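Here is the structure we will look at.
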Amino acid sequence: MFTVGLTGGIGSGKSTVADCFAALGVPVIDTDVIARDLTAPGGAALEGIRAGFGETVMQADGTLDRAALRRRVFADGGARRRLEAILHPRIRQVAGDMLATLTAPYALVVIPLLVQRQDHPQGAGRGCKVDKSATTTHRPKGERLAAYPSRVETGGYRDMLNRVLVVDCPEDVQIARVKARSGLAYDEIKAILAAQAGRAERLAVADDIIVNTATQEALRVEVAALHQRYLALAAAPPP
């Protein structure tokens, strides 16, 4: 099945874009939803997290203290990698199993951590053809995600995806959106942003980019155009 990976930083609007695709009948697999299921009571990853992090990240009733775990992993890179080692293989397996059951022309897989932070990020949008009159850009034909292997998160998603769509917006917009919806303190939001890949790193792997700073209607128009593009790509014979 033709598969599009959707990624973007916190507060960029990934869920809104995914909802627009879903409204067009596109199957959407959200790895954040899978992760929540895996860490819910009885979830396959819960005991691994308890073993790896101890009771300090557990509630008195035995459920996961998500806020405590979030603070821990965004303050400690080693803890974050330890959590990813527990979750990523399980998430990847569930997402693959879900894709195998689908019969639609293409599917969207929402993967917030598709791209990892690099110590020496390269220029934003390397290789992207930017149309300054639009907020959607496309990588030139023939340039594939496989050309950027060092910039893809180690969760093992690269071989699952035919194309990567990045939802992008300025950092100040991200901060304002996250604060409005979650009530997190500014320092907490900055810690999350610091742990995530930067805009340049995400744009470097993008085949398509939506700059999510316009109106909801403009966003729906962009998604509809990408939907037609993906339908055509899915129907085309493999190279």
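Amide H of Asp168 versus every other amide H placed in the peptide plane: which residues, excluding those fewer than 5 positions away on the same chain, fall under 5 Å?
Long-range HN contacts for Asp168: Ile210, Val211, Asn212.
Two decimals is fine: what is log10 I(q)/I(0) at q = 0.24, 0.25 Å⁻¹ for the range 190-235, from a Debye sum with one equal scatterer on every Cα and no solvent?
Debye curve over Cα of the range 190-235, log10 I(q)/I(0) at q = 0.24, 0.25 Å⁻¹: -0.93, -0.94.
What list of ³J(HN,Hα) values in whole Hz, one per residue of the range 169-177 in order, does the Karplus curve 6.51 cos²θ - 1.76 cosθ + 1.60 (θ = phi - 60°) give from phi, with Gly and Pro shown as x?
6, x, 4, 5, 5, 4, 4, 4, 5
Taking amide hydrogens as modeled 1.01 Å from N in the peptide plane, which residues meet the under 5 Å criterion relative to Ala204, leaving out close sequence neighbours?
Gly125, Arg126
Compute the distance from the alpha-carbon center of the range 163-239 to that of the range 1-39, in whole Å.
Value for the Cα centre distance between the two parts: 11 Å.
Could you calculate the contour length gain from Asp61 to Leu99, that is, 0.36 nm times the residue separation minus the distance between their Cα atoms, to one decimal place in nm?
Computed gain between Asp61 and Leu99 is 10.3 nm.
Given bins 10 angstrom wide, list per bin the percent of all Cα-Cα distances in the range 1-89, short to long.
Computed distribution, short to long bins: 14, 41, 29, 15, 1.
Name the residues whose placed amide hydrogens come within less than 5 Å of the amide hydrogen of Ile29, ignoring near sequence neighbours (fewer than 5 apart) on the same chain.
When sequence neighbours closer than 5 places are left aside, the close amide H contacts are Leu108, Val109, Val110.
Please list 3J(HN,Hα) in residue order for the range 62-68, calculated via the Karplus relation 6.51 cos²θ - 1.76 cosθ + 1.60 where θ = phi - 60°; whole Hz, with x for glycine and proline.
x, 8, 6, 8, 5, 5, 5
Kindly write out, for the range 87-103 in residue order, the coupling ³J(HN,Hα) from the Karplus curve 6.51 cos²θ - 1.76 cosθ + 1.60 (θ = phi - 60°), rounded to whole Hz, with x marking Gly and Pro.
Per-residue couplings from phi come out as 8, 4, x, 5, 4, 4, 5, 5, 4, x, 5, 5, 4, 5, 8, 8, 10 Hz.
What does the net charge come to around Val57 if you take all other residues with beta carbon closer than 14 Å to its beta carbon, with K and R at +1 and D and E at -1?
Local charge sum for Val57: +2.
Taken together, the values in this text are just the output of simple stated rules run on the coordinates, not laboratory data. Just so it is clear, the model here is predicted, and its values are computed rather than measured. As a convention, Cβ positions derive from the backbone with ideal geometry for all residues, glycine included, and neighbour counts pool all protein chains shown.
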